[in-house]
Structures are given as structure tokens and as C-alpha cells.
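One structure is given below, encoded as C-alpha cells.
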Amino acid sequence: QVQLVESGGGLVQAGGSLRLSCAASARTFSTYAMGWFRRAPGKEREFAAAISRGGSSTYYADSVKGRFTISRDNAKNTVYLQMNSLKREDTAAFYCAATLRAVGLTRSSDYEYWGQGTQVTVSS
């Protein structure tokens, strides 16, 4: 079992930045690929970013590419999502997810474990 706890959400003005963190309880954190998903009000959950087990490969949704950066620190059992140039349409609950899969990583169904989410609200 893996427990995931997100933090770092909040209210930010458009154009601003936030860094989300996701702390994992897994003793073998480095065996999990990690992803960030988001759910905007009235919409389905969607993929934002993912990172491979060792951190050498990253994947991004087109909507966040160039603005968001996913990274991980396996020594701290933590994955991060640095979000810059935030837009109002980035307002959503952001969820951290973990999977033992090595490929795919862009679908909710690819992940076995999920955090409770952290809210990001971008104001104009």
C-alpha cells in the first residue's frame, strides 16, 4: 500500500506560481512512476504531468507544457509539480498518483494509488 499526501495548493493570481508537493509513504518509492492529475469544476479528471521511476523521463499534457515542471526526489519520497504562468483555467483540484507501471502513465486507469488532492485556485 502507498499513501500519498499532497500539499502546496492555494489561491494565486493569474501569472503567478505555485509548487505542489506529494509525499509518499512507500518504502520503495523509486519503484513507482508518479503522476499529477487535475479536476476542474464540472469537468472530468485529466492528466497533467508524469515522471518515470528514476526521473529521467517526463510527460506533460499540451495544456501545461512549457509552464509546469514535474520532478521527484527519491531520497525524500516526494514528487513535485512546479506551476508557473498560471491561468484561470488551471483552477482545479490537483491529485498525485502512483503506479508500478513503467509505460503509459497518462491515463487515470494507469495508476493504482491516489492522494486526496489539493486545491489550486487562480484568480484574475
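The values are calculated or read from the model by the stated rules, or taken from the named source; none is laboratory data. Note that the structure is predicted; figures quoted are calculated from it, not measured. All Cβ positions, glycine included, derive from the backbone under ideal geometry; neighbour counts span all protein chains shown. These area figures cover heavy atoms from the full protein model, side chains too; ligands, DNA and RNA do not enter into them. Shrake-Rupley method; radii C 1.70, N 1.55, O 1.52, S 1.80 Å.
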Karplus (6.51, -1.76, 1.60) ³J(HN,Hα), θ = phi - 60°, over the stretch 18-28, in Hz, Gly and Pro reported as x: 9, 10, 8, 10, 9, 9, 10, 8, 4, 6, 10
Heavy atoms only, 1.4 Å probe, whole protein assembly: order Asp73, Asp62, Asp110 by accessible area, highest first. Asp62, Asp73, Asp110
Once normalised by the length of the stretch 1-119, the mean sequence separation of its alpha carbon contacts under 8 Å that are 6 or more apart gives a contact order in percent of 35
What does the charge dipole of the chain about its Cα centre add up to, to the nearest 20 debye, if the Cβ of each Lys and Arg holds +1 and the Cβ of each Asp and Glu holds -1? 120
Hey, can you find the accessible area per residue of the stretch 12-83 for me, probe 1.4 Å, expressed in square angstrom? 50
Probe radius 1.4 Å, ligands and nucleic acids ignored: give me the carbon and sulfur share of the accessible area of the stretch 17-104 as a rounded percent. 45
Of the convex hull drawn through the C-alpha atoms of the stretch 27-106, the volume per residue in Å³ is 92
Along the stretch 58-68, what does the Karplus equation 6.51 cos²θ - 1.76 cosθ + 1.60 (θ = phi - 60°) give for ³J(HN,Hα), rounded to whole Hz, x for Gly and Pro? 10, 9, 9, 5, 4, 5, 10, 4, x, 10, 9
